[in-house]
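The values are calculated or read from the model by the stated rules, or taken from the named source; none is laboratory data. This is a predicted model, so every value here is computed, not measured. Methodologically, a virtual Cβ is constructed for each residue, glycine included, from the backbone with ideal geometry; neighbour enumeration extends over all protein chains shown.
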Amino acid sequence: MVSGQDTSTRAGASRSRGRPRSFDRATALEKALTAFWEHGYEATSVADLTQIMGIGTPSLYAAFGDKRSLFEEVVRLYTATHGAFGERALAEEPTARAAVARMLREAAAAYTDPAHPYGCLVVHAATNCTSPEVARLLRDRRNADIAAFESRIRADVAAGRLPAGTDAAALARHTGAMVQGMSQQARDGASRGELEALAEIALSIWPQG
């Protein structure tokens with residue numbers, strides 16, 4: 001017969017083994033960000049995520065919700081960290097052109113940084129995406145960037161820093177196309193210097209105030 005003390009010890013060990021494995025949520029989220037950034041939303045499975053994040057499926061769902069909820073949090077994290085250079089440039093530079101110049105040059109550096117996947121998560125994660133909700137999330141994020149460019153350009157037109165006839169909407173969309181195109185070029189192997197040269201050509205079309 002097992003003594004009462006032995007029974008208690010074994011029960012305690014069993015409870016310990018049954019507890020959910022603890023993990024650092026921020027670290028796990030950063031690993032998920034890298035996975036989605038590298039492979040895109042569609043190609044990254046829940047099994048891939050649990051392996052990369054080092055957690056079990058129940059822990060993933062308990063901490064982050066489903067795959068789409070996790071991805072939405074990843075996009076917010078990316079926008080606030082790796083992808084924040086554009087917002088900073090618009091907020092800190094004195095003119096729209098200066099802001100776009102800084103943004104494109106910083107994009108050339110960020111998109112080719114070997115410390116993380118190349119390109120932009122918000123652009124690349126949409127590849128072959130069959131989820132309408134995720135596609136809309138990423139599309140809205142990209143369109144919000146273009147709207148921010150346009151708002152800043154219109155402000156410069158109103159202040160006389162750009163000619164009155166400037167087509168703010170077209171210039172903003174051109175800027176968005178450059179940012180998105182640079183992301184894909186980086187994925188295809190373009191160097192930082194090549195992207196910086198591309199940025200200079202893009203800036204050369206800006207009207208002079």
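Data table
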item: Leading residue by the ranking (nearest to V100 (Cα to Cα)) among those in segment 149-176 that are buried (at least 18 other Cβ atoms within 10 Å of the Cβ) and in contact with a Gly (Cβ under 7 Å, 6 or more places away or on another chain); result: F149
item: Test result for G54, surrounded by fewer than 16 Cβ atoms within 10 Å (Cβ to Cβ) and not charged (D, E, K, R); result: yes
item: All positions within segment 32-46 that are touching a residue at least 40 places away in the same chain (Cβ under 8 Å) and β-branched (V, I, T); result: T34
item: Matching residues, segment 107-144, being outside any helix (DSSP H, G or I) and more than 20 Å from A43 (Cβ to Cβ); result: T112, D113, P114, A115
item: Whichever residue in segment 80-103 is of a type outside the set (S, T, Y) and assigned to a loop (DSSP other than H, G, I, E, B) and, among such residues, is farthest from F64 (Cα to Cα); result: P94
item: Criterion: part of a helix (DSSP H, G or I) and without any contact (Cβ under 8 Å) to a residue 40 or more places away in the chain - qualifying residue of L49, L77, L29; result: L49
item: Segment 121-149 residues that are outside the structural domain of M178 (by TED's automatic domain parsing), paired with ones that are among the aliphatic types (A, V, I, L, M) (beta carbon under 6 Å, 6 or more apart); result: none
